[in-house]
1. I need a count of the residues in region 85-125 that are part of a helix (DSSP H, G or I) and small (Gly, Ala, Ser).
2. Against the condition crowded, with 20+ Cβ neighbours inside 10 Å and within 16 Å of the ligand (Cβ to nearest atom), how does residue 116 come out, does it pass?
3. Of the numbered conditions (1) assigned to a loop (DSSP other than H, G, I, E, B); (2) farther than 23 Å from residue 172 by Cβ; (3) among the charged types (D, E, K, R), residue 212 satisfies every one except a single condition; which is it?
4. Restricting to region 172-195, name every residue that is away from the ligand (no atom under 16 Å from the Cβ) and either at pLDDT below 95 or not in a strand (DSSP E or B) (or both).
5. Being within 16 Å of the ligand (Cβ to nearest atom), modelled with pLDDT of 95 or more and not small (Gly, Ala, Ser): is that true of residue 237 here?
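The values are calculated or read from the model by the stated rules, or taken from the named source; none is laboratory data. Everything quoted here is computed from the prediction, not taken from an experiment. FYI the Cβ positions are ideal-geometry reconstructions off the backbone, even for glycines, and counts take in every protein chain you see.
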Amino acid sequence: MPTVFLQEELPEEAQIWSLLKALPLTHRRLSRSVDSLPSLEPGIVPGNRMDGSDHKLDLAAVHMTLHGRSIAGIYTSLQIPEAKLCFDCGTITPQSIRMPHLALTHGHMDHAGGVASYLGQRKLLRLGPTTIYAAEDLLPSIQSVVEIWERVQGNPYEVKYQAVRPGEYQELDGKLLLRPYPSVHSIPALGYTLCRTARKLKPEYKDLSGPEIASRRRAGDEVSDPHIEHLVTFTGDSTIEGLLNDPIARSARVIISECSFYGDEDADPALRTNVQHAHAGRHTHIDDIIGNLDQFGCETLVLMHLSRKHTPEEAFAALESRLPAAWKDKVLLFHHGNRAI
Ligand SMILES: [Zn+2]
């Protein structure tokens, strides 16, 4: 395709903007900040529940940031650049294609349909090898789709396929680990908890000063125990049972949970956004979140995967009126104005 060769002449950033601006109009309307994003660097917007037009949140509790896009049924792909990790690939973004680790929760199109484009862009921009993590039942199908596109393109991608099982940790870069756990959805699905290995001071040393601990360490004492910190859980698509059934997942310092629906049966039954409809599709409703807040140990709860049947303002209003005071500063809504469809 001539434009591909033309794009290779452009600086990397220009290639990405060129790609995005070539997307169909509906994509551009849905992601209204495509034309207004100032740069590809992760410019951070402080966590602000009322500032939902950006696709970025500051996860201060874990010194990380969250980027991406998520609209129920359209696309979900969220990235944590500090971990070089992308959760799901229902679409590609300038940030997502820079992540060498891609963890897929399940095979629905709005979560996995962008994998070939993601790999193709990583190849085109020479961004290096990629590892795709997915359940062992899903992975061969993903690999088949990618292999078809490799044949279509006449060009193999640099990709490693890593099957994962619930509870088995996968090593990412540095001290970071990825722990899958079972989600509860209409097809087999996983959630993931991003973890970090650390060392925790043994209780018998906790009253010693820094120099005293250093002295003991130099003398050969083992002053700390290995420890795994549970940093960020990403639920993918799931009913609330996915979190409730997994104590590690729900103990993470940041939980990114789907919350697709906020509707009330009495207010507008025709919209099909009430709790019964959410559960019928194996999704989460705001009632499920509000009713189980005491189960979560997190410092920040990010709600994503908002249905296009709701405006962000409706979701904010529901959260404002229903969240207990202690949770109002802990809950962030991840959205980007998804009424325009
Ligand atoms: Zn799904």
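1. We begin by selecting, within region 85-125, every residue part of a helix (DSSP H, G or I); these are 96-98, 109-112, 115-124.
In the following step, the residues that additionally are small (Gly, Ala, Ser) were identified as 96, 112, 116-117, 120.
Residues flagged as part of a helix (DSSP H, G or I) and small (Gly, Ala, Ser) within region 85-125 amount to 5.
2. On the way: crowded, with 20+ Cβ neighbours inside 10 Å: yes; within 16 Å of the ligand (Cβ to nearest atom): no.
Here the answer is no, as residue 116 does not meet what is asked.
3. Failing condition for residue 212: (1).
4. 172, 173, 174, 175
5. Values: within 16 Å of the ligand (Cβ to nearest atom): yes; modelled with pLDDT of 95 or more: yes; not small (Gly, Ala, Ser): yes.
Yes: the conditions hold for residue 237.
Listed here are the residues, each with its yes/no results for (1) within 16 Å of the ligand (Cβ to nearest atom); (2) among the basic types (Lys, Arg); (3) in contact (Cβ under 8 Å) with a residue 24 or more places away in the chain; (4) buried (at least 24 other Cβ atoms within 10 Å of the Cβ).
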{"site": "212", "(1), (2), (3), (4)": "no, no, no, no"}
{"site": "215", "(1), (2), (3), (4)": "no, no, no, no"}
{"site": "255", "(1), (2), (3), (4)": "no, no, yes, yes"}
{"site": "306", "(1), (2), (3), (4)": "yes, no, yes, yes"}
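A quick yes/no check of all residues on (1) touching a residue at least 60 places away in the same chain (Cβ under 8 Å); (2) within 16 Å of the ligand (Cβ to nearest atom):
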{"position": "96", "(1), (2)": "no, no"}
{"position": "102", "(1), (2)": "no, no"}
{"position": "106", "(1), (2)": "yes, yes"}
{"position": "111", "(1), (2)": "yes, yes"}
{"position": "122", "(1), (2)": "no, no"}
{"position": "137", "(1), (2)": "no, yes"}
{"position": "140", "(1), (2)": "no, no"}
{"position": "156", "(1), (2)": "no, no"}
{"position": "159", "(1), (2)": "no, no"}
